[in-house]
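Working notes for the structure below.
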Amino acid sequence: YPEFSLLDIQRMVKTLEGLIVLDTILAHPGTTVQPYSIQTKGVFDKELYDDYMKRGKLQEFKDIRDLTIFFKACPFVKSGQGCTMPPRYRNVICNTFICDELLSAADNKEAIKLYMEERSRYARWVNWENAALKHILSENNVNLVSYFNASIRILQEIPLNEYEFPELDPVITGYDNDWSKGA
């Protein structure tokens, strides 16, 4: 399920479109506001999960501790449409996910390696930015639970730092299909 960090929220509160996205997230019945993030729950197919667990774990997933992830659906993903949230306002996990199919089908493994390294750098930068925003809110004795509106005003006032992505070569796969929907 998507969890929106302070940086995600700050990005949203800087534009009218982002404020509409934030309102959509907050209006979702599965949303919980935490001190420094907002999480939205989607659908969990417990029946299918229980059936899968009864049949025994597949060997290819033996290293994955939480198999429930395969039976959860994001509330913002719509059938035949993909993610309905504008890419700019998606969280870091959604924007940096690289599926196994792409990893195994890529013609240029070196290009994939560069994307993986850049994804790690970006994740570290996001963590740094979130820590800085949390520190600023803490200094002002506010958080999203105790003083939501004050927290939003502070996030609006703080200049938004943008990550400088390097230009990477496109990843080409041997697939010849129409998979380009979604992200």
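If you go through segment 1-23 and keep only what is over 19 Å from L133 (Cβ atoms) and either under 16 Å from the mean Cα position of the chain (by Cα) or aromatic (F, W, Y) (or both), you end up with just Y1. Counting only residues that are in contact with a Lys or Arg (Cβ under 9 Å, 6 or more places away or on another chain) and not in a helix (DSSP H, G or I), segment 143-161 holds 2 of them.
Per-residue answers, yes or no, for (1) surrounded by 14 or more Cβ atoms within 10 Å (Cβ to Cβ); (2) modelled with pLDDT of 95 or more:
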{"position": "E117", "(1), (2)": "no, no"}
{"position": "S120", "(1), (2)": "no, no"}
{"position": "A131", "(1), (2)": "no, yes"}
{"position": "S138", "(1), (2)": "no, yes"}
{"position": "V142", "(1), (2)": "yes, yes"}
{"position": "V145", "(1), (2)": "no, yes"}
{"position": "S151", "(1), (2)": "yes, yes"}
{"position": "L155", "(1), (2)": "yes, yes"}
{"position": "W179", "(1), (2)": "no, no"}
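Figure legend. Inter-residue proximity from segment 114-135: first residues under 28 Å from P170 (Cβ atoms), second residues acidic (D, E) and open to solvent by less than 70 Å² (accessible area, probe 1.4 Å), beta-carbon distance below 9 Å, spacing 6+ or different chains. Indicated pairs: V126/D8. Considering L58, L67, the condition of being of a type in the set (A, V, I, L, M, F, W, C), more than 26 Å from S5 (Cβ to Cβ) and at pLDDT below 85 is satisfied by L58 alone. Among the residues of segment 7-34, not one is closer than 18 Å to V142 by Cα and either touching a Ser or Thr at 6+ places or on another chain (Cβ under 7 Å) or assigned to a loop (DSSP other than H, G, I, E, B) (or both).
Criterion applied to T40, T24, T84, T15 was being touching a strand residue (DSSP E or B) at 6+ places or on another chain (Cβ under 8 Å), open to solvent by 30 Å² or more (accessible area, probe 1.4 Å), at negative phi and modelled with pLDDT of 85 or more, and the one residue passing it is T84. For segment 147-163, the count of residues that are closer than 13 Å to L6 by Cα, in contact with a strand residue (DSSP E or B) (Cβ under 9 Å, 6 or more places away or on another chain) and touching a residue at least 40 places away in the same chain (Cβ under 8 Å) is at least one. Return yes or no: is K113 among the basic types (K, R), open to solvent by 60 Å² or more (accessible area, probe 1.4 Å) and at pLDDT below 95? Yes; evaluated as a whole, the condition is true for this residue. For the condition among the acidic types (D, E), buried (at least 16 other Cβ atoms within 10 Å of the Cβ) and under 16 Å from I152 (Cβ atoms), D8 qualifies. Scanning segment 35-44 for residues that are over 30 Å from A150 (Cβ atoms) and not in a loop (DSSP other than H, G, I, E, B) turns up at least one hit.
The single condition among (1) free of Cβ contacts under 8 Å to residues at least 40 places away in the same chain; (2) surrounded by fewer than 17 Cβ atoms within 10 Å (Cβ to Cβ) that K72 does not satisfy is (1).
The values are calculated or read from the model by the stated rules, or taken from the named source; none is laboratory data. Not measured: the values here are computed from a predicted model. Quick reminder, even Gly has a Cβ in these numbers, built from the backbone with ideal geometry, and neighbours come from all protein chains shown. Only protein heavy atoms, including side chains, enter the accessible area calculation; ligands, DNA and RNA are left aside. Shrake-Rupley method; radii C 1.70, N 1.55, O 1.52, S 1.80 Å.
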